[in-house]
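Novice: Dumping the structure here so I can ask a few things about it.
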Amino acid sequence: MSRGQGLRARTYAGFLRLYPRSFRELFEEDMRRTFATRLAEADATAGTLGRTRFLAVELFGVLRSAVSQRLGGRAADHGMRLGSPLKSVPTLNTRRKDPMSILAQELRHGLRRLTRNPGFTLASVVTLALGIGATTAVYSVVHSIVLRPLPYPESDRLVWLDHAGPGIGTARGLGMTRGLYAYYRGRVTAFEDMATWTPMEVNITGDEPERVRALATTPELFRTLGVRAEHGRVFGAGSEDVASGTVVISHRFWMRRYGGDPDAVGRVLSFTGVPLEIIGVMPAGFAFPDPHVDLWTPVTIDPGLSSFGGFSWQGIARLAPGVTRAAAEAEVRALIPGLRERFGVGRMLDDSGLTPVFPSLKEEVVREAERTLWILLGSVCFVLLLACANVANLVLVRAEGRQRETAVRRALGAGRLDVLRYHLAEGVLIALAGGALGVALAGLAVRILVATGPETLPRLAEVSVSPAVLGFALLLVAGTAVVFALVPALRRGPSMAATMKSGDRRASAGRRAAGRGALVVTQVALALVLLIATGLMSRSFVHLVRYDPGFDSDSRLTFRVGLSPHAYPDDRSSAAFHREALDGLAAIPGVEVAGATTCLPLCDRWGGTQLSVEGRPDDPSSVPRVVAIRRVNESYFEALGIRLVTGRLPNRFDHESETGAAVISREVVDAYWPDEDPLGRRFQPGSGGSDWYTVVGVVADTPINGYAADPPPIAYLPLVYGSDGSNSPYELSYVLRTSVPPQRVIPAVREVIRSLDADVPISDVATMEEIVAAANVQTAFTAVMLGIAAGIALLLGVVGIYGVISYAVGRRTREIGIRLALGARAGQVTRRILRDEGRVTALGLVVGLAGAFALTRLMRSLLFGVSPTDPVSFAGAAGLLAIVALLATWVPARRSARIDPARTLRAE
Amino acid sequence: MPRRPKAERFVPLSNLSFHLLLALGGGPGHGYGLGKEIERRTDGRLTPTTGSLYQALKRLADDGLIEPAPEAAAESSDERRQYFRLTALGREVARLEATRLHELVRLAAECRLYPSLG
């Protein structure tokens, strides 16, 4: 047997295991051989299409008869291609039944039934589509960004080359230097390939000069990633490309500047005045290291390089097969001491305790987004549950109305299984239609998201509805279909006799009404909870957008400098370094003001203590608030644009003469001097025994942990002060107010620091705008996404309630007819129905309010400027829902009150 | 007589079942051979899949219309194949079915829907 035949035969044998054991004992061997013979025949005589059809027909045949065998035992066989003359036997003759063709029949009947109830069908399908669509859309995002590997071959072997300097307080973020590259290359056996680059902004001259972001990279970058150019080529391994001046451009750049002309390869670009030949164009999806980079140009780093260089480079490496990240880090860690001799950087190594840190590339890229996305997925599943609940309720209510029909069927011999099939058919149809529509909606939503999503969301361009996502959606559809089938089938209806005697309506009227009432209550309560959540999120979002952080973030460059205690053994020396650095930085052209602080706004660190106020006795019963302490230089407030509320800012005189002039934020005033003027008052940080400070000014509050928290109280103390010499910090964050775009001064900044001490690295270079955006974007994005989810939930809730109530009212048509016939006026009847259903709705509202009250505290971390029990949101949501429920009750009530009562009674 | 009502219970037969009984009328056979025979006799119009074929055989066996024929297996070159032969009940049922079909065809001729059988 050939290999292909062997595979098919094995598949067939696998399918055979579906049969019950008794069958297999008799026939398994025979069937295998028969199949093998037939397979050989088919291969010999038929073409590819014929062979495929043969296999499909055989496998499907086995499937059908195996199911028949298991289900029916004595069921007839219908495996022929010709139609059986028995197809006309009525469904209720259960003697010769093939469950599979009965299912097909049930599906057809189910479709007919559904089209006869367009209201129910439409409501169910749309509801389900919204639920499945929302869940699928968010899952697309989660799958594409968090779960799917990066779009590079064997991307799990790619690592980000980073270093930590625990001795100077830097846990990661140092990056690479040219010296490290020269040293690692060829030495580290754990790396199959590595590349390093440095980002820059360059001017492209020509017809339309523009400023673009570029990378100067070692030539192996593309090879390490494993990517090729779409047109032209990428850099070769040698140095020819460097020597002759080449550049690879991004797809975006190619479209923008050359209109997608394939002849762009070979043209010459003027790159800050240097002509470079374009040798390749990257494919459309390629964005490394981020979507803003448009050009890559090669540089070589001499392996014999003798200078260590600054940490302004970044790098990646591809691990050799079978090597773990930990092993790579260990190997490199052992090589670090060798840097001492090679570059003479012994002091830097001792001070910083340089250590390699190699996170996987995906980890580095996805870092922040992961948590948020999982939360989003959880919330959207909640929406799906509501959708399913809606549809299940609709199905239940409808099933109630068909109890007579069901009872008749059962009397005529339909078994439990048949009833299940009856509902399964409808469930499958609704689920399929809802699923198809939902996937279409999801596709649309994903496209909108990719176009408008926050740029800081990593891998956004890669988000798409992939086969894995469709598989997920299919799973949802299957699950919901089963649920919708089981829900009505598992209900125990009243006996047939009771139903036949009194018709659908009167049987167990009391219990029936209670059941329906419970449905409405559930709908209303669920919808209300979600509505309230929406309200809270919307208000949070509005607050977020309007929030004044208390400082300015435009044109501000920040970075961190860490000194080591070994090199700077006392505060005077470290203070002197920082002072000289500040002077040097302020002197850079383009820098207006230079300031320094132990911790920038949104730096996520507290470092606080309580304050002891002079002249205030210790009150053991009250616990004073903890205040975050920052040490700043005198120009810090001006550099960051922190607004002064009252008093004055400290000046150079204060700081140089060490008068202990302190500035406090407004929260501190609220906490410690709520009824008095704090200016001129003195305090000590801690419980005493340290230096005294005098309040000279009050500034606006600035956030520490992001915009979601209440503003923390912050006290700004002078950078150098204190008789015990323990106050001067070793690590400071610098903030520069620039008159030019902040990135432009970065090289000058590095030069200033380097000229003071070549062994001191700077890290965490970012503009204040980037910091604020990073702190904000996740919140904003989450808020928007949750808002959308809750909005969908609102729509679902509204549709669901309307559907259930109007159907329930429709069921009372007969009662309405009787009342009208007995002389009631239409208005009276309508009011009565409103009152009855209204009672149920009111109960639902109460339950919903209670539930929301309990649950919204879980949302606290997502809210901003709004309490979880915000009365405006609660009242608004309840009011809206009450109006909707009222409308949903009133419209059908009025409609049925208008019908001619005689006709209503007759149409029994 | 208890056997008679039993045979009538199985009529009408499905097309495949009837063909199987007919094919076994000429002597014992096994699954593959029977399928091939049916295919040949109907000029390829009836080509059951292995699944439906063996399912039909199982049902006929369960109903007692056919039974395993180990002696035929022993005689043939392939001992492991599962051979079947008609039982007396099976013969009876086949005869009844043929009679029924004959009656139907005669009726069709009377209604001028089919040429007379003569």
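Novice: Which number in (1) in a helix (DSSP H, G or I); (2) surrounded by 18 or more Cβ atoms within 10 Å (Cβ to Cβ); (3) modelled with pLDDT of 70 or more marks the one condition that residue A:732 misses?
Specialist: Result: residue A:732 passes all but (1).
Novice: Condition first: open to solvent by 90 Å² or more (accessible area, probe 1.4 Å), modelled with pLDDT of 75 or more and charged (D, E, K, R). Now tell me which residues in region A:855-874 satisfy that.
Specialist: Scanning region A:855-874 gives a single hit, A:857.
Novice: Go through region A:219-241 and give me each residue that's part of a loop (DSSP other than H, G, I, E, B) and polar (S, T, N, Q). Give the derivation first.
Specialist: Kept after step one, since they are part of a loop (DSSP other than H, G, I, E, B), are these residues of region A:219-241: A:219-220, A:226-230, A:233-239.
Selection gives A:239 alone.
Novice: One residue is enough: does region B:2-10 have a residue meeting the conditions more than 14 Å from chain A (Cβ to nearest Cβ), in a helix (DSSP H, G or I), among the small types (Gly, Ala, Ser) and open to solvent by 30 Å² or more (accessible area, probe 1.4 Å)?
Specialist: No: region B:2-10 contains no residue that is more than 14 Å from chain A (Cβ to nearest Cβ), in a helix (DSSP H, G or I), among the small types (Gly, Ala, Ser) and open to solvent by 30 Å² or more (accessible area, probe 1.4 Å).
Novice: Right, here's the next one. Take region A:642-658 and flag every residue that is open to solvent by 60 Å² or more (accessible area, probe 1.4 Å) and within 17 Å of residue A:718 (Cα to Cα).
Specialist: Correct list: A:644, A:648, A:651, A:652, A:653, A:656, A:658.
Novice: Within region A:1-36, how many residues turn out to be under 18 Å from residue A:66 (Cβ atoms), among the hydroxyl-bearing types (Ser, Thr, Tyr) and open to solvent by 30 Å² or more (accessible area, probe 1.4 Å)?
Specialist: So the count comes out to 2.
Let's see how each residue does on (1) within 30 Å of residue A:466 (Cβ to Cβ); (2) not in a helix (DSSP H, G or I):
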| residue | (1), (2) |
| --- | --- |
| A:113 | no, no |
| A:133 | yes, no |
| A:150 | yes, yes |
| A:182 | no, no |
| A:195 | yes, yes |
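Novice: Now for a separate question. State whether one or more residues within region A:263-274 are at negative phi, of a type in the set (A, V, I, L, M, F, W, C) and part of a helix (DSSP H, G or I).
Specialist: yes
Novice: Would you please list the contacts, defined by Cβ atoms under 9 Å and residues six or more apart or on different chains, that run from a residue in region A:44-59 that is more than 14 Å from every other protein chain (Cβ to nearest Cβ) to a residue that is among the hydrophobic types (A, V, I, L, M, F, W, C) and crowded, with 16+ Cβ neighbours inside 10 Å?
Specialist: Cβ pairs passing all conditions: A:51/A:39; A:51/A:42.
Novice: Could you check region A:17-43 and list, in sequence order, the residues that are within 44 Å of the chain's Cα centre (by Cα) and either within 10 Å of chain B (Cβ to nearest Cβ) or part of a helix (DSSP H, G or I) (or both)?
Specialist: A:18, the sole residue that qualifies.
Yes/no per residue for (1) in contact with a strand residue (DSSP E or B) (Cβ under 9 Å, 6 or more places away or on another chain); (2) closer than 22 Å to residue A:154 by Cα; (3) open to solvent by less than 40 Å² (accessible area, probe 1.4 Å); (4) in contact (Cβ under 8 Å) with a residue 12 or more places away in the chain:
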site: A:261; (1), (2), (3), (4): no, no, no, no
site: A:284; (1), (2), (3), (4): no, yes, no, yes
site: A:295; (1), (2), (3), (4): yes, no, yes, yes
site: A:308; (1), (2), (3), (4): no, no, yes, yes
site: A:318; (1), (2), (3), (4): yes, yes, yes, yes
site: A:323; (1), (2), (3), (4): yes, yes, no, yes
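Novice: So, in region B:27-72, exactly how many residues are open to solvent by less than 40 Å² (accessible area, probe 1.4 Å) and away from chain A (no Cβ under 11 Å)?
Specialist: Counting residues in region B:27-72 that are open to solvent by less than 40 Å² (accessible area, probe 1.4 Å) and away from chain A (no Cβ under 11 Å) gives 7.
Novice: Would you be able to say whether some residue in region B:82-100 is at pLDDT below 85, open to solvent by 20 Å² or more (accessible area, probe 1.4 Å) and within 12 Å of chain A (Cβ to nearest Cβ)? Steps first, answer last, please.
Specialist: To start, the set of residues in region B:82-100 that are at pLDDT below 85 comprises B:82.
Now restrict to residues that are open to solvent by 20 Å² or more (accessible area, probe 1.4 Å): B:82.
Now drop any that are not within 12 Å of chain A (Cβ to nearest Cβ), which leaves B:82.
Yes, some residue in region B:82-100 is at pLDDT below 85, open to solvent by 20 Å² or more (accessible area, probe 1.4 Å) and within 12 Å of chain A (Cβ to nearest Cβ).
Novice: Okay, next question. What number of residues in region A:263-303 are hydrophobic (A, V, I, L, M, F, W, C) and in contact with a Gly (Cβ under 8 Å, 6 or more places away or on another chain)?
Specialist: 7
Novice: Let me ask something additional. Can you tell me which residue within region A:37-61, out of those that are among the aliphatic types (A, V, I, L, M) and open to solvent by 30 Å² or more (accessible area, probe 1.4 Å), is nearest to residue B:69 (Cα to Cα)?
Specialist: A:40
Novice: Kindly establish whether residue A:795 is modelled with pLDDT under 80, part of a helix (DSSP H, G or I), out of contact with any strand residue (DSSP E or B) (no Cβ under 6 Å at 6 or more places or on another chain) and open to solvent by 50 Å² or more (accessible area, probe 1.4 Å).
Specialist: When the stated conditions are applied, residue A:795 passes them.
Novice: Still on this structure, I have one more. Please pick out the residue among B:45, B:81, B:59 that is of a type in the set (Lys, Arg) and touching a His at 6+ places or on another chain (Cβ under 6 Å).
Specialist: After applying the criteria, what remains is B:81.
Novice: Does at least one position in region A:659-670 carry a residue that is open to solvent by 40 Å² or more (accessible area, probe 1.4 Å) and over 21 Å from residue A:719 (Cα atoms)? Even if it seems obvious, please write down each step before you answer.
Specialist: Let us first name the residues in region A:659-670 that are open to solvent by 40 Å² or more (accessible area, probe 1.4 Å), namely A:659, A:666, A:670.
If we keep only those that are over 21 Å from residue A:719 (Cα atoms) as well, we get A:670.
Checked against the condition, which is being open to solvent by 40 Å² or more (accessible area, probe 1.4 Å) and over 21 Å from residue A:719 (Cα atoms), region A:659-670 yields at least one hit.
So that you can scan it fast, the table gives a plain yes or no per residue for (1) at pLDDT 85 or above; (2) of a type in the set (Val, Ile, Thr); (3) open to solvent by less than 50 Å² (accessible area, probe 1.4 Å):
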{"position": "A:673", "(1), (2), (3)": "yes, no, yes"}
{"position": "A:679", "(1), (2), (3)": "yes, no, no"}
{"position": "A:682", "(1), (2), (3)": "yes, no, no"}
{"position": "A:689", "(1), (2), (3)": "no, no, no"}
{"position": "A:720", "(1), (2), (3)": "no, yes, yes"}
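Novice: Would you mind stating whether residue A:327 is part of a helix (DSSP H, G or I) and either of a type in the set (S, T, N, Q) or out of contact with any Ser or Thr (no Cβ under 7 Å at 6 or more places or on another chain) (or both)?
Specialist: yes
Novice: Sticking with this structure for a sec: So which residues in region A:215-234 are within 29 Å of the chain's Cα centre (by Cα) and of a type in the set (Gly, Ala, Ser), if there are any at all?
Specialist: The one that is within 29 Å of the chain's Cα centre (by Cα) and of a type in the set (Gly, Ala, Ser): A:226.
Quick grid of which residues meet (1) open to solvent by less than 10 Å² (accessible area, probe 1.4 Å); (2) assigned to a helix (DSSP H, G or I); (3) modelled with pLDDT under 85:
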| residue | (1), (2), (3) |
| --- | --- |
| A:78 | no, no, yes |
| A:86 | no, yes, yes |
| A:108 | no, yes, yes |
| A:124 | yes, yes, yes |
| A:159 | yes, no, no |
| A:163 | yes, no, no |
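Novice: Separate question: Identify, by number, the condition in (1) more than 7 Å from chain A (Cβ to nearest Cβ); (2) free of Cβ contacts under 8 Å to residues at least 60 places away in the same chain that residue B:22 doesn't meet.
Specialist: (2)
The values are calculated or read from the model by the stated rules, or taken from the named source; none is laboratory data. Because the structure is a prediction, the values reported are computed rather than measured. Using ideal geometry, Cβ is built from the backbone for each residue, glycine included, and neighbour counts are taken over all protein chains shown. Side chains included, ligands, DNA and RNA excluded: accessible areas come from the protein's heavy atoms. Shrake-Rupley method; radii C 1.70, N 1.55, O 1.52, S 1.80 Å.
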